[in-house]
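Worksheet: the structure to be examined is printed underneath.
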Amino acid sequence: MAEPWWKADPHDLHRIVDRVSSVYVERSHLDRDENAVVVINKRETVRVPAAMIAVLLIGPGTRVTHGAIRLLADSGTAVCWVGEQGVRMYAAGLGPSRGAGLLHRQAWLVTRPKERLNVARAMYGMRFPGEDVSKATMQQLRGREGVRFRKLYQEHSRRTGVPWDGRVYKAGDAFAAGDDLNRLLSAANAALYGICHAVVVGLGASPGLGFVHTGSAISFVLDVADLYKAEYTVPLAFDLAAQGLTDERDARIGLRDQIAETKLLSRIVHDVKALLNPPDIDFDTPETSELWDERRGSVPAGVNWAADALSGGPPDAAPPAERDVHVRAAEAGMGEQHITIIGPEFDEPSSSEPPEGTS
């Protein structure tokens, strides 16, 4: 019997030598070969050093082994199970070997009203290029955003000839709206939330710590998605309605194609990091094992601090080399690069072949 197609000779594998930010895999088999993740499909075999991936996006038709997931977890790589081209976010997993620098920075910003307002202003500033929003209140910014979207809907209505009677939607139910255009908008927005969610998780930020939105487990995802609706989901929904394409699937596929063509994933990565990181500082720090200290900031973990509690000073019983402190090499940061590996369409069963179990 012939070997299954996913059984590959390691000598046939191709190495990716450049650091990558994210890898999207569809219709393929993922396995482990030493310290590399091997992506195999009927068209190609790709070997990806695990430590060079910030986030692995697993798309439809993909199988993955326990060994591959364990390697990715040990490498500090986020793994997200997504829809086609990342337009839906189903689940995500993070290994223990991962830094929390960006998450700490986000929490610091969101819990201080002045800093939170500055980030919110920066988000609105991205939507109003050339306008000064540095002194605007949240009430003023919300009002300006409302006016902008009202004009946007009217402009696309005139452009496409599709009537517009106002936005109607119910969170989580695209079909609760009364007309096709609103349903398309809800479906396209839900797909956009999926890819933004995948990026936020992949970077190690919190989906729930929003700056404009609050109260939801995906508040920050909603913040980020709002940066791109005027450019992506709104014109797409009007275009689809004008063509008579009114299924939710039409919106997902249309957005998926735009995301792939415009490389939106890399843009979201850049924008999120620019919003959270101060100038010239990157919080994609390596994972360390430390304990918080109210006076020193942090101290090493894996150390018996009994002597410190009695003397008030750090322990000196164990030399640094003997401490059980595991510091990882710098993990791959999510930069501008994104690699997509998509296998060919699955073969349809031949009608001429005899049924299984017959000769």
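The values are calculated or read from the model by the stated rules, or taken from the named source; none is laboratory data. The shown structure was predicted, so the numbers you read here are calculated from the model rather than taken from an experiment. Cβ sites come from the backbone with ideal geometry, for glycine too, and all protein chains shown count toward neighbours. Remember, those area values only see protein heavy atoms, side chains included, never the ligands or the DNA or RNA. Shrake-Rupley method; radii C 1.70, N 1.55, O 1.52, S 1.80 Å.
A few notes on this one:
- Filter pass, residue 76 being open to solvent by less than 70 Å² (accessible area, probe 1.4 Å), more than 24 Å from residue 226 (Cα to Cα) and assigned to a loop (DSSP other than H, G, I, E, B): yes
- Test for residue 217: is it in a loop (DSSP other than H, G, I, E, B), under 26 Å from the mean Cα position of the chain (by Cα) and not basic (Lys, Arg): yes
- Residues in the range 66-110 that are at pLDDT 85 or above and among the polar types (S, T, N, Q): 106 only.
- Residue 61 vs. criteria in a loop (DSSP other than H, G, I, E, B) and either hydroxyl-bearing (Ser, Thr, Tyr) or surrounded by 19 or more Cβ atoms within 10 Å (Cβ to Cβ) (or both): no
- Identity of the residue in the range 99-116, basic (Lys, Arg) and part of a helix (DSSP H, G or I), that ends up farthest from residue 76 (Cα to Cα): 114
- All conditions but one from (1) outside any strand (DSSP E or B); (2) in contact with an Asp or Glu (Cβ under 6 Å, 6 or more places away or on another chain) apply to residue 119; the one that does not is (2).
- Taken across the range 128-146, residues that are touching a Ser or Thr at 6+ places or on another chain (Cβ under 9 Å) and either surrounded by 14 or more Cβ atoms within 10 Å (Cβ to Cβ) or not aromatic (Phe, Trp, Tyr) (or both) do not occur at all.
- Filtering 149, 211 for residues that are assigned to a helix (DSSP H, G or I) and within 26 Å of residue 138 (Cα to Cα) leaves a single hit, 149.
- Of the residues in the range 185-207, not one is surrounded by fewer than 20 Cβ atoms within 10 Å (Cβ to Cβ), over 16 Å from residue 275 (Cβ atoms) and more than 13 Å from the chain's Cα centre (by Cα).
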